[in-house]
Structure formats: C-alpha cells, structure tokens
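Report on one structure; see the data block that follows.
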Amino acid sequence: MKKIGVLALQGAFMEHITLLLSLGVEASPIRLPRELEGLDGLIIPGGESTTISRLMREYALSAPLRDLCNDGFPIMGTCAGMILLARKVAHINGIQPLEAMDIEVRRNAFGRQVDSFETELKIPVIGEPSFHSVFIRAPYIERAGEGVEVLARLYDGTGVAARQGNMLALAFHPELTDDPRLHSYFLSIVNGDAKR
Amino acid sequence: MDKGTWTIKAGLAQMLKGGVIMDVVTPEHAKIAEEAGACAVMALERVPADIRAAGGVARMADPTVILAIMEAVSIPVMAKCRIGHFVEAQALEALGVDYIDESEVLTPADENHHIWKHDFKVPFVCGCRDLGEALRRVAEGAAMIRTKGEAGTGNIVEAVRHMRAVMDEIRKLSSMTTDELVAEAKALGAPLEQVIKVQKTGRLPVVNFAAGGIASPADAALMMQLGAEGVFVGSGIFKSSDPEAMGRAIVKATTHYRDPAIIADVSKGLGVAMPGLDISTIPEKNLLSTRGW
C-alpha cells in the first residue's frame, strides 16, 4: 500500500489525512525529518505560510524537502503549500519558499478574509463535472515557466492550479470538500499512471 | 463566486489549526508575533492582564490601532467586540478584519443576547465553558470556538476545566441512544440538531481552540493534549520578560505537543513568565469567564 505523508507543522493537515485514508492509502503526519523516510508522496497543506516556513527551517526540514523535490518525488501543495513550492513569492514577509516549481505566486492575492470565495472550476485533467473549489485568503499564479502546465484558471484567466513533473500546486482547498478527484489525480502521479 | 459562506468562515479556522494566535497592542508587537510564527494576531488596545488591572468598561479597540496592525503583518488579524454589541461587530467588519472575537474579556453590552452572527460575512469566534455554551454559540453562527479559561491571569486551571468539560461531554454523547440525546440536549441547553451532529462526528461542528491563562510552552502543549486544536495566548507573551523567545517556544510546543523532549528543550532559558493570579483570590464579580451564557 502506498504511504503518503502530510506535513503537519500547522494548518489543515488532518483534513488531507482523512481524505487520503478514504482513498485506501496510508497517510501520516510529518513533523520531523526522520518521518520522511519510507514515503511515496507528500502533501504540504493549507495553513499560514509564514508559520509553516519558520517551523520547516527550525526543524531542519527545508533541505530534505528540497532534495525530494529535485529528485522528482511526488509532492502536492495546497494554498500555503503552493506558496512554499514556488520559485518566487510576492508579498513574501519572511517566507523562504522551497523554489521547487517554476512559478511565481502572490500571497493573499485576492485580498483579506472578506474577499475569500467559493467557485466552480473547470479542470480538464480530472474531467467533468467542474470542481467546487474553496479559496481562503488564497494565492494565485502570477507567472508560470515553460515546463509548467497550468491546470485550471478562473473565469478571468488567473492561474490557480499547476503541475510540473511530479509536483502539483493548488491555490484552493480540495481537502475542505467531499470531492476526492484531485487527491486521486495526485495518487495517480504517485503510482506513475499520470506521467507527462 | 460566493463570499462569506459557512465553508469560507469555518474554513479559515481550519487553516489556523495547530497554531498560536497572539494578542498584540502595537504594530511592533504584531511583527514580533508574526516573526515568532503566530498563525494570526488579535489586535487590542490593552492585553487582558492590563484590562483586568484597569477595571472600568472595556470596549472595542480604536480602529486606528487595528488598521495599523493590519498594515504591519500579512497573517490574519482578529479583533474583539463586546458580547451582544453588534454595532461594534459591524464596524469591525467594515474595517476588514479577518475574524471577530465576541469576547468576555471586554465588558458585555447585552446580558441576555449574543450577536446573531449569521448576519455577517466576517467569521466569529466565541468563548465557552462547556459543550452547551459552545453549541449555543455555533447555532448563532460562530464559525470557531475557544474555551474561555480566565483571561489575564496566567493561570491555566480554568482553561483546563473548560476544555475537560467540553471533551467529557462529547465523549458522553457518543454512548447515548437517540432518545437519550433529546433529554441531553435539554440538559445542555443546546439545539438538538447540533447535539446529534456532535454525536455523529465525535467532535464540535467547528474548530475549537483553548484560551485564557496559557503562559508557557507546557501550558500550550497541555491544552493541545486535552483536545484543543490550537491556542490563543493573550498576556502570556508580551507580559513575559522575553516575548520573542516565549512566542517562538509556545509556537514550537503547539506543533510538537506530543513530543516531551522538544517541549523540554524549548522551555529552557525563557526568562520570567507573566506574573500569575490565583483564581480563588479574584472576587467573583471580577471573573471574566462568567460573562455571557
């Protein structure tokens, strides 16, 4: 059985674990470098990117996570996780991203909490129907490099989901819905069924 | 595009889980808190220990202070309004704060009614001492709950009492039959549908943090092990001798709350914690946790 780690320094990690377990894979919280051993994939959840970034550095997780990214390890980042995977972050406030994906993202890009929203997104790689997506003080993709496939855009063309190699970045929160299709898509990357 | 929905309101609290929300009174405090790893800050004019010492009527903070703090940091900013004071809440919503704490730390504006929070786009957090109080607030629209503790005392005993009360009640519900739930809902003074929801899921319908008396890394980890999903630290950080170190240590202890070696390590050399108050020396009329119902 495949084993997926969920970075559990702060944020909505339990929601990811619950969803993964419902899909029949093992899932465990990751707080220290030694817990990364034996994993087949990793999810960096939503939460506060400044908090997660600081705890990543303090407990020596940044270097092994960078190594995993460079080795083509399957990693999915949602919201704060997308920010941490980015090469460059606007409105950075002390965050040190892993610089794993060739995307530039803007934090709190839509504004404050009163500007947070839910909407339907067309995501061709998971097919129909559209995906009900929850954006909470969310980031968006300002620029994506050549090797990056933008998987979903808002009605105005703003990029909010992307894939590069085995890495997946989502500006919204599939773990806050009952729709498991994006987690299944990530598991297909882990299984090597969704090679590009 | 739908804004201000229940999923959006409760969802932000889910993103705060495993984190520390720190009381701050200046933009400089707010920056120290963000740098220490706070997942949000509570913008105030005075921390609870000072509100307690000052006495008199405590109101919503001056918007100038709140806006300066919102400008200073990129993490969510919360602010407090008085219990039942829906106009203070309307003003805070107009300022664009990310969460409103309808708080017993301020002097209540209404002894019979809390705010009907479903009318707002901005989410609310409310205090509770037991499960019934928590579910009454959720029914009114609170998208996040915190146990009250006794703010501004640096004494964890009330926070422990309230968290244990909530968790014990939840465990008790799980062994009840449906007909017993009706009687229990009556005893709790909570809506039956909320009680049924808690029984089905084995947890509160919204995220539950601990508050009121947390003054050390071990206090924070204690509340987490008792079932809190995160902690509010009021006076405990900026009334200690080294707020930066105390803030960082409490953040680490909250993440690694089940790791005694890490808790021991981060507790080293933090200087002097905030001065504490024995609850039994506080006249009953000066208790904050008995405000609201």
(Q) Can you tally the net charge around A:D102? Count Lys and Arg as +1, Asp and Glu as -1, for every other residue whose Cβ sits under 10 Å from the Cβ of A:D102. (A) 0
Q.
Under 37 °C and 0.692 mPa s, how fast does the protein assembly as shown diffuse according to Stokes-Einstein, given a Kirkwood radius computed over C-alpha pairs? Answer in µm²/s, whole number.
A. 144 µm²/s
**Q.** Fraction of the pair-distance distribution of segment B:199-293 above 20 Å, Cα-Cα pairs, percent
**A.** 45 percent
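Check each of the GluC sites (Glu not before Pro) in segment A:135-196 and keep only those in coil by DSSP with at most 15 other C-beta atoms within 10 angstrom; list them in order. It would help to have the intermediate numbers written out before the result.
Working: sites: A:E142, A:E146, A:E149, A:E175; in loops: A:E146.
Qualifying residues, ordered by number: A:E146.
How big is the charge dipole of the protein assembly as shown about its Cα centre, in debye rounded to the nearest 20, if each Lys and Arg gets +1 on its Cβ and each Asp and Glu gets -1 on its Cβ? Kindly include the intermediate steps, with their values, before the conclusion.
Numbers: 51 positive and 61 negative charges, 68 e Å.
Rounded to the nearest 20 debye, it is 320 debye.
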**Q.** Stokes-Einstein D in µm²/s, Kirkwood radius over Cα pairs - chain B at 37 °C with 0.692 mPa s viscosity
**A.** 173 µm²/s
Q. Hey, which lysines would be in cross-link range of B:K121, C-alpha to C-alpha under 22 Å, not counting anything within fewer than 8 residues on its own chain?
A. B:K3, B:K9, B:K17, B:K80
(Q) Only bridges whose two residues both fall in the protein assembly as shown count here: according to DSSP, what percent of them are antiparallel, nearest 5? (A) 30 percent
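Can you give the relative contact order of segment A:42-107 as a percent, counting alpha carbon pairs under 8 Å and 6+ residues apart? If you can, show how the numbers build up before the last one.
Details: 103 pairs, mean separation 23.7, N = 66.
Answer for segment A:42-107 is 36 percent.
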Q: Kindly work out what percent of the DSSP beta bridges joining two residues of segment A:3-190 are antiparallel, to the nearest 5.
A: 50 percent
Q: Considering the convex hull of the alpha carbon atoms of segment A:3-190, report its projected area averaged over all viewing directions, in nm², one decimal.
A: 9.4 nm²
Q. Averaged per residue, what accessible surface does chain B expose to a 1.4 Å probe, in Å²?
A. 38 Å²
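Give me the percent of accessible area attributable to carbon and sulfur for segment B:192-293, probe 1.4 angstrom. Please list the in-between numbers first.
On the way: 2360 of 4360 Å².
Of the solvent-accessible surface of segment B:192-293, carbon and sulfur hold 54 percent.
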(Q) Skipping prolines and chain starts, which residues have an amide H placed within reach, meaning under 5 Å, of the one on B:C128, given they are 5 or more residues away or on another chain? (A) B:R146, B:T147, B:K148
Q | Karplus-derived 3J(HN,Hα), 6.51/-1.76/1.60, for each residue of segment B:84-97, Hz, glycine and proline x | A | x, 8, 5, 6, 4, 5, 4, 5, 5, 4, 5, 6, x, 5
Q.
What is the sum of charges, Lys and Arg at +1 and Asp and Glu at -1, for the other residues whose Cβ falls under 11 Å from the Cβ of A:F135?
A. -1
Q: Give the Rg (one decimal place) followed by the Dmax (whole number) of segment B:36-127, computed from C-alpha coordinates and expressed in Å.
A: 12.7, 39
Q | Per-residue ³J(HN,Hα) for segment B:34-49, Karplus 6.51 cos²θ - 1.76 cosθ + 1.60, θ = phi - 60°, Hz, x for Gly and Pro | A | 4, 5, 6, x, 4, 8, 6, 10, 9, 7, 9, 7, 9, 6, x, 4
**Q.** DSSP-assigned coil residues among chymotrypsin sites (Phe, Trp or Tyr not before Pro) in segment B:60-163, each with at most 13 further Cβ atoms within 10 Å
**A.** B:W116
Q. Where the centroid of each part is defined by its Cα atoms, how far is segment B:228-279 from segment A:142-196 in Å?
A. 38 Å
Q: Only counting protein heavy atoms at a 1.4 Å probe, give the residues of segment A:46-77, ordered by number, whose accessible area falls by 30 Å² or more when the other protein chains are present relative to the chain alone.
A: A:E48, A:T50, A:T51, A:R54, A:L55, A:E58, A:Y59
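Beyond 16 Å, what share of the Cα-Cα pairs of segment B:1-50 is found? Please give it as a whole percent.
Values: 630 of 1225 pairs.
Counting every Cα pair in segment B:1-50, those more than 16 Å apart make up 51 percent.
Summing Lys, Arg as +1 and Asp, Glu as -1, what charge do residues with Cβ under 12 Å from the Cβ of B:M15 carry, B:M15 excluded?
Values: positive: A:R137, B:K9, B:K17; negative: A:E15, A:E48, A:E175, B:D98, B:E229.
Once all neighbours under 12 Å are counted, the net charge is -2.
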Q.
Using a Gaussian network model on chain B with a 10 Å cutoff between Cα atoms, which of B:E45, B:E71, B:E169 fluctuates the most?
A. B:E71
**Q.** Largest-first ellipsoid semi-axes for segment B:134-262, taking √(5λ) over the Cα gyration tensor eigenvalues, angstrom
**A.** 31, 14, 11
Q) Out of B:T5, B:V207, B:A220, whose Cα points farthest toward the positive end of the dipole of the protein assembly as shown (charges: +1 Lys, Arg; -1 Asp, Glu; placed on Cβ)? A) B:A220
Q. Hey, in the GNM for chain B with a 10 angstrom Cα cutoff, which one of B:G11, B:G56, B:G189 fluctuates hardest?
A. B:G56
Q. Between segment B:65-120 and segment A:49-70, what's the alpha-carbon centroid distance in Å?
A. 35 Å
Q. Given 10 Å bins starting at zero, what is the percent of C-alpha pairs of segment A:1-88 in each, up to the one with the largest pair distance?
A. 18, 57, 24, 1
Q. Near B:K197, which aspartates and glutamates are there with a Cα under 14 Å away, not counting those fewer than 8 places off in the same chain?
A. B:E169, B:E184
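The values are calculated or read from the model by the stated rules, or taken from the named source; none is laboratory data. Keep in mind that this is a model prediction, so the values were computed, not measured. All Cβ positions, even for glycine, are placed from backbone atoms using ideal geometry, and neighbour counts span all protein chains on display. Side chains included, ligands, DNA and RNA excluded: accessible areas come from the protein's heavy atoms. Shrake-Rupley method; radii C 1.70, N 1.55, O 1.52, S 1.80 Å.
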